[in-house]
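The block underneath contains the structure these notes are about, expressed in structure tokens.
The values are calculated or read from the model by the stated rules, or taken from the named source; none is laboratory data. No experiment lies behind these values; they were computed from the predicted model shown. When we count neighbours, we look across all protein chains shown, and the Cβ atoms used for this are built from the backbone with ideal geometry, even at glycine. These accessible areas exclude ligands, DNA and RNA; they are computed on the full protein's heavy atoms, side chains included. Shrake-Rupley method; radii C 1.70, N 1.55, O 1.52, S 1.80 Å.
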Amino acid sequence: MQHLLDPSAWKSLKAWLAERGQPAFRAAQIRKWIFERRAETFQAMTDLPQALRDDLATVFQLWTSKVVRHLKSADGTEKLLLELPDGGRIECVLLRDDDRRTICISTQVGCAMGCVFCASGLDGVDRNLTSGEIIEQMLLLQRLLPPGERLSNIVVMGMGEPLANLENLLPALDEASADDGLGIGHRRITISTVGLPKQLHRLCELNTRYHLAVSLHAPNDVLRNQIVPVNKNIGLTEIIAAADRYLEVSNRRLTFEYVLLAGINDQPHHARELVTLLRGRMAFLNVIPYNPVAGLRYQTPSGNAVNRFRDILLDGGINVKFRQRKGDEINAACGQLRRSEPTLTQIG
């Protein structure tokens with residue numbers, strides 16, 4: 001059966017409908033049921049003839065994953081652990097913040113980047129997700145909202161390195177931003193990356209115009225090689241140059257992200273180096289005090305260390321924000337997503 005959520009399936013659907021003498025508007029009806037009306041089955045598409053609904057279910061498949069666990073946090077965050085047809089598992093998150101409804105989606109089963117503090121890469125990477133599997137996360141998270149609410153933002157900051165799966169990610173984001181898709185504009189979609197220059201230049205060539213977030217985590221190559229091992233093959237100079245080019249081409253906000261690890265990258269001299277690295281750039285720095293991961297030795301910096309780090313950045317003229325922690329009680333905060341099933345009591 002063909003996964004109808006995969007963008008490539010829509011051409012097949014239109015041809016299949018035409019072969020059966022169905023009017024051309026049927027495909028638009030089906031899309032509306034899936035993306036806007038949040039239909040869970042073909043049988044729910046009540047303005048389609050019953051025979052057509054029956055036939056659709058024999059040829060096309062809406063959902064390929066199974067929700068293994070659904071966790072809710074007191075702050076409104078919700079997390080889904082999904083099992084894919086081949087047994088692989090991923091996590092995705094819905095975040096509530098005032099009137100914003102943001103989803104955090106994954107692009108790979110696991111991650112190969114090896115960031116030492118992150119749960120997603122503990123077991124390496126198995127494979128890329130398909131476009132349909134990426135879209136399926138969006139729709140499953142959308143179904144958690146009441147009828148009067150809609151998704152407002154997408155951050156591609158879940159499991160995996162998004163730029164290592166551009167071939168499948170970009171078609172999925174096209175569906176998310178389409179008027180007959182989820183209707184989420186490019187300005188409300190952010191792609192997070194450790195910084196893969198070749199792929200960053202590819203985004204420039206495609207003029208994708210999504211927001212970009214580059215995860216630094218260190219102000220120099222020596223330290224970054226320890227925290228983000230893939231940096232050994234790249235280097236900050238090349239990453240910053242590629243990010244600068246993306247800012248110039250896209251005219252979109254550029255964000256640098258920095259996870260604070262106690263005693264490792266949170267010292268005053270690190271903050272001063274960071275000021276030197278970023279000063280003068282039209283960019284935003286998002287600092288994230290470490291979210292603990294079971295089995296890893298890293299610690300969250302003290303309040304004094306965080307405040308000291310912040311003061312140096314502000315005195316240096318850096319546009320900085322310290323991210324508010326959300327979803328950490330269900331391991332849904334930055335760096336906590338993984339493929340193993342959490343051993344947590346559901347809160348809700």
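Things worth noting here:
- Residue in segment 289-302 that is within 15 Å of GLY195 (Cβ to Cβ) and either over 20 Å from the mean Cα position of the chain (by Cα) or not aliphatic (A, V, I, L, M) (or both) present: no
- Qualifying positions in segment 163-180 - open to solvent by less than 10 Å² (accessible area, probe 1.4 Å) and either under 14 Å from ILE135 (Cβ atoms) or not in a helix (DSSP H, G or I) (or both): ASN165, LEU169, ALA172, LEU173, ALA176
- Test: LEU212 is open to solvent by less than 10 Å² (accessible area, probe 1.4 Å) and over 26 Å from ASP311 (Cα atoms): no
- Residue within segment 288-306 that is of a type outside the set (S, T, N, Q) and under 28 Å from HIS201 (Cα atoms) present: yes
- Qualifying residues in segment 250-269 (those that are open to solvent by 50 Å² or more (accessible area, probe 1.4 Å) and at pLDDT 95 or above) - the one farthest from ASN207 (Cα to Cα): GLY263
- CYS111 of a type outside the set (Asp, Glu), surrounded by 24 or more Cβ atoms within 10 Å (Cβ to Cβ) and in contact (Cβ under 8 Å) with a residue 60 or more places away in the chain: no
- Segment 47-94, residues that are assigned to a strand (DSSP E or B), touching a helix residue (DSSP H, G or I) at 6+ places or on another chain (Cβ under 9 Å) and open to solvent by less than 60 Å² (accessible area, probe 1.4 Å): PHE60, LEU71, GLU78, LYS79, LEU80, LEU82, ILE90, GLU91, CYS92, VAL93, LEU94
- Segment 281-296 - residue that is at pLDDT below 90 and not polar (S, T, N, Q) and, of those, farthest from ASN319 (Cα to Cα): GLY295
- Index of the failed condition, ILE103 passing every other in (1) open to solvent by less than 30 Å² (accessible area, probe 1.4 Å); (2) touching a Phe, Trp or Tyr at 6+ places or on another chain (Cβ under 6 Å): (2)
- Total residues in segment 185-237, condition within 18 Å of ILE288 (Cα to Cα) and of a type in the set (Lys, Arg): 1
- Only a single item in (1) under 25 Å from SER152 (Cα atoms); (2) part of a helix (DSSP H, G or I); (3) of a type in the set (D, E, K, R); (4) open to solvent by 40 Å² or more (accessible area, probe 1.4 Å) is not met by ARG31, and it is number (4).
- Test for ASP123: is it open to solvent by 20 Å² or more (accessible area, probe 1.4 Å), in contact (Cβ under 8 Å) with a residue 60 or more places away in the chain and within 30 Å of GLN226 (Cβ to Cβ): yes
- Pairs where the first residue, in segment 159-177, is more than 12 Å from PRO7 (Cα to Cα) and the second is open to solvent by 10 Å² or more (accessible area, probe 1.4 Å) and basic (Lys, Arg), C-beta under 9 Å, 6+ apart: MET159/ARG338; MET159/ARG339; LEU163/LYS198; LEU163/ARG202; LEU166/ARG202; SER177/ARG188
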